[in-house]
Amino acid sequence: MSDIFKAYDIRGVYPEEINEEAAFKMGAAFVVFLKQKTAKDKLKIVLARDNRLSSESLFNELKTGVLSQGGDVIDIGLATTPLFYFSVANFGYDGGIIVTASHNPPRYNGFKMVFSEARPASEETGLKEIKEIFLRRDFKKEALGVVEEKKVIGDYVSFNGSGEDFKDIKIVVDTANSVSGILVPEMLKNTDLIHIFSELDGRFPNHEPNPFKKENTSFLKERILKEKADLGAAFDGDGDRIIFLDEKGEIVSSDLILALMASLILKDHPGSKILYDIRSSSIVKETVEGLGGIAVLSRVGHSFIRQKMREEGVIFGGEYTGHFFSRDPYFIENPFFVLFSILGVLKKEKKPLSQLVSPFRKYFHSGEINFKVKDKESKIEELKARYQEGKASEIDGLRVDFDDWWFLVRASNTEPLIRLIIEAKTKDILENKVGELTSFLE
């Protein structure tokens with residue numbers, strides 16, 4: 001079971017890799033670790049789950065594991081990951097675990113953990129130690145803690161909702177039969193809302209809950225065009241990612257959304273820090289610095305990003321795959337803040353979304369291209385030697401910058417894959433370099 005521990009969460013196929021026995025031990029190990037770390041005898045642990053078919057039984061055993069080590073459980077039931085984070089931090093609890101496999105297909109499940117103030121658990125902040133406790137300890141099923149059921153949706157909506165009237169803006173939202181469906185109707189009650197795949201179904205019968213894959217937004221695009229909507233938004237399986245489509249039904253890359261958000265935020269908070277990940281377009285850094293802000297580069301991964309934002313006092317950050325993080329509240333993903341910000345600028349400017357992001361479409365970006373490679377590390381070393389005349393960065397994988405283009409290669413943690421991204425100043429350069437690197441990696 002050791003291979004279910006990833007860099008910043010725990011994930012695997014149910015029940016072969018993630019099962020009820022693992023859930024029990026996970027809950028117990030988490031409490032043991034927190035007691036060692038905090039020297040507190042009594043801990044209040046928030047537990048939540050998404051709506052996957054296996055999540056409820058895993059949740060129940062996770063709860064038993066927490067109780068067995070004397071942890072008190074705050075049961076918030078069905079929740080998105082941002083709602084879960086909010087609950088841990090807003091009410092001052094000692095930590096929490098949510099049962100979720102995020103955007104993965106239905107057969108997967110897993111756990112995301114946070115400490116007090118919703119500080120993320122990653123390899124660098126305790127996940128390795130929790131893994132060691134999980135692997136070496138046997139735990140008895142003793143009911144030493146108590147359970148409190150708590151309703152938190154109202155508090156979350158009050159904190160993050162917008163009272164502004166957006167009834168003139170028609171929006172199509174796809175929650176992919178996932179847990180975000182419990183929030184969207186209330187959060188967006190002041191819009192002209194069309195909510196598709198709203199009913200919760202852990203089989204995800206209409207499409208995978210991963211809007212980063214273009215094929216999973218085809219229904220949303222079709223409905224935007226049919227309804228002549230102003231924009232569309234798609235949430236992933238645990239509600240911590242949001243992908244936008246414009247009025248033409250075209251996907252707006254998340255780094256362009258980040259550039260737009262930076263332009264809005266820096267007007268009200270001049271000189272602030274804006275974080276972007278290493279896969280993002282150069283337009284993000286240029287936009288931030290051009291408006292007098294400070295651009296902060298980060299490696300990929302929500303736990304690393306949130307940790308860096310805390311350490312450096314970053315006001316807002318974004319990840320290429322649709323994660324957006326805000327300092328308020330609690331340095332956590334805040335997709336509704338982004339959505340309301342975009343609705344606000346649409347209302348104010350009276351311009352379509354495609355027009356609002358057009359100033360940021362300066363470069364030609366390949367998107368992420370995957371290659372099956374057996375010896376990933378040696379292949380990346382070959383690339384480093386081959387392109388040594390460029391400016392290399394190894395903050396996360398290998399990124400090499402040239403005057404008119406750059407590329408990034410990263411090795412997948414879980415598959416024999418190398419992920420490639422290229423960006424260039426012209427379409428011809430992009431096509432040439434995609435062909436060049438594709439030939440090498442294949």
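The values are calculated or read from the model by the stated rules, or taken from the named source; none is laboratory data. Predicted model only: the values in this text are computed from it and were never measured. For neighbour counting, all protein chains shown are included, and Cβ atoms are generated from backbone atoms with ideal geometry for every residue, glycine included. We work out accessible area using only protein heavy atoms, side chains counted, and drop any ligands, DNA or RNA first. Shrake-Rupley method; radii C 1.70, N 1.55, O 1.52, S 1.80 Å.
Quick notes on this structure:
- Sites listed here are chymotrypsin sites (Phe, Trp or Tyr not before Pro) in the range 71-164 whose DSSP assignment is loop and whose Cβ has at most 15 other Cβ atoms within 10 Å: PHE91.
- Sparsely packed GluC sites (Glu not before Pro) within the range 14-76, loop by DSSP, other Cβ within 10 Å at most 11: GLU16
- Tail beyond 22 Å, pair distance distribution of the range 120-257 (Cα, percent): 52 percent
- FRET efficiency, 1/(1 + (r/R0)^6) with R0 30 Å, evaluated for ARG136 and LYS40 via beta carbons: 0.85
- Candidate cross-link partners of LYS350 among the aspartates and glutamates, defined by an alpha-carbon separation under 15 Å and a same-chain spacing of 8 or more, comprise ASP165, ASP168, ASP230, ASP246, GLU247.
- For the listed residue pairs LYS25/LYS151; LYS44/LYS170; LYS6/LYS379; LYS6/LYS140; LYS384/LYS427, the alpha carbons are over 31 angstrom apart in LYS44/LYS170.
- Here the translational diffusion coefficient of the range 175-323 follows from Stokes-Einstein with Rh set to the Kirkwood radius across Cα pairs; for 4 °C and 1.567 mPa s it amounts to 79 µm²/s.
- Mean projection of the Cα convex hull over all viewing directions, computed for the range 45-118: 4.3 nm².
- Mean Cα-pair separation over length for the chain, i.e. relative contact order, pairs under 8 Å, 6 or more apart, %: 12 percent
- Here is the list for the range 33-62: trypsin sites (Lys or Arg not before Pro) lying in DSSP coil, each with at most 16 other C-beta atoms within 10 angstrom of its C-beta, are LYS40, LYS42.
- Pairwise Cα distances in the range 307-440 exceed 25 Å for 45 percent of all pairs.
- Charge dipole of the chain (Cα centre as origin; +1 on each Lys and Arg Cβ, -1 on each Asp and Glu Cβ, all else neutral): 280 debye, rounded to the nearest 20.
- Excluding ligands, DNA and RNA, the accessible surface per residue across the range 51-198 is 39 Å² with a 1.4 Å probe.
- The accessible surface of the range 1-147, taken with every protein chain in place and a 1.4 Å probe, is 46 percent carbon and sulfur.
- Diffusion constant of the range 308-379 at 25 °C, which comes from Stokes-Einstein with the Kirkwood Cα-pair radius and 0.890 mPa s, µm²/s: 159 µm²/s
- Start at zero, step by 10 Å, and the Cα-Cα distances of the range 188-276 spread as 15, 41, 31, 12, 1 percent across the bins.
- Taking 25 °C and 0.890 mPa s as conditions, the chain diffuses translationally at an estimated 109 µm²/s according to Stokes-Einstein applied to its Kirkwood radius (Cα pairs).
- Dipole-positive endmost among GLY237, ILE283, PRO211 within the chain (Cβ charges, Cα centre): ILE283
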